[in-house]
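Enquirer: Pasting a structure here, questions to come.
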Amino acid sequence: MTAPGPAGPRVLAITTNDGVVQARQLVRALAQECRLSLVEQTKLVTAASELARNTLIYGGGGTMTADLVQERGRRGIRLVFADQGPGIPDLDLALTDGWTSGTGMGLGLSGSKRLVDDFLLDTVPGEGTTVTVTKWAR
């Protein structure tokens with residue numbers, strides 16, 4: 001079972017580019033609070049930035065829920081990006097390195113997956129997408 005952080009989860013709306021910036025700032029602050037190394041902080045902030053941008057652009061906006069978590073004696077940060085957008089019709093293709101819908105660099109999902117320790121993607125075409133990522137302190 002995962003215990004929530006002392007302050008509890010923080011929910012941030014991602015409905016504009018400002019929301020993407022705020023998501024990065026919150027994740028950076030939590031990464032520092034969790035005492036991730038500078039390299040691990042950068043990886044997590046990069047993944048969060050990509051996922052927040054995907055939430056805005058492809059999901060039409062949504063939320064990021066961020067929390068400090070503890071599990072089996074280790075500390076980490078869990079981020080959940082959720083939208084009510086069109087979903088991802090071809091998940092295998094979307095997770096292919098270098099694949100882009102035409103507007104991005106092709107880093108989004110596959111790159112984010114490589115930058116975190118745990119990655120879970122749930123999508124239903126026509127209903128939305130939820131991506132949950134966790135980065136553990138070393």
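Just so it is clear, none of the values below were taken in a lab; they were calculated from the coordinates. Since we're looking at a predicted model, the values are computed, not measured. All Cβ positions, even for glycine, are placed from backbone atoms using ideal geometry, and neighbour counts span all protein chains on display.
Enquirer: Which three semi-axes in whole Å describe the equivalent ellipsoid of the chain, each the square root of 5 times a Cα gyration tensor eigenvalue, listed largest first?
Expert: In descending order the semi-axes read 24, 15, 14 Å.
Enquirer: Hey, another quick one. Can you give the helix-only mean residue ellipticity at 222 nm for the chain, where every DSSP H stretch with n ≥ 4 adds -39500 (n - 2.57) and the sum goes over all residues, rounded to the nearest 500 deg cm²/dmol?
Expert: The helix contribution divided over the chain gives -11000 deg cm²/dmol.
Enquirer: Here's something else I'd like to know. Quick one: net charge around G87, please, counting Lys, Arg +1 and Asp, Glu -1 for every other residue with C-beta under 13 Å from its C-beta.
Expert: -4
Enquirer: Still on this structure, I have one more. Please compute the modelled spin-label separation between R35 and A137, points set 7 Å along Cα→Cβ, answer in nm with one decimal.
Expert: If labels sit at A137 and R35, their model points lie 0.5 nm apart.
Enquirer: Turning to a different aspect of this structure: Modelled label-to-label distance, I57 and E127, 7 Å Cα→beta-carbon offset: nm?
Expert: Each label point is offset 7 Å from its Cα along the Cβ direction, giving 2.6 nm.
Enquirer: In degrees, nearest 10, range 0 to 90: what is the angle between the Cα axis of helix 38-57 and the longest Cα principal axis of the chain?
Expert: Approximately 40 degrees, to the nearest 10.
Enquirer: Here is a further query. Tilt of helix 17-33 relative to the longest C-alpha principal axis of the chain, in degrees (0 to 90, nearest 10)?
Expert: 30 degrees
Enquirer: How much length, in nm to one decimal, is gained on full extension between T15 and R28, taken as 0.36 nm per residue of separation minus their Cα-Cα distance?
Expert: In short, 2.7 nm is gained.
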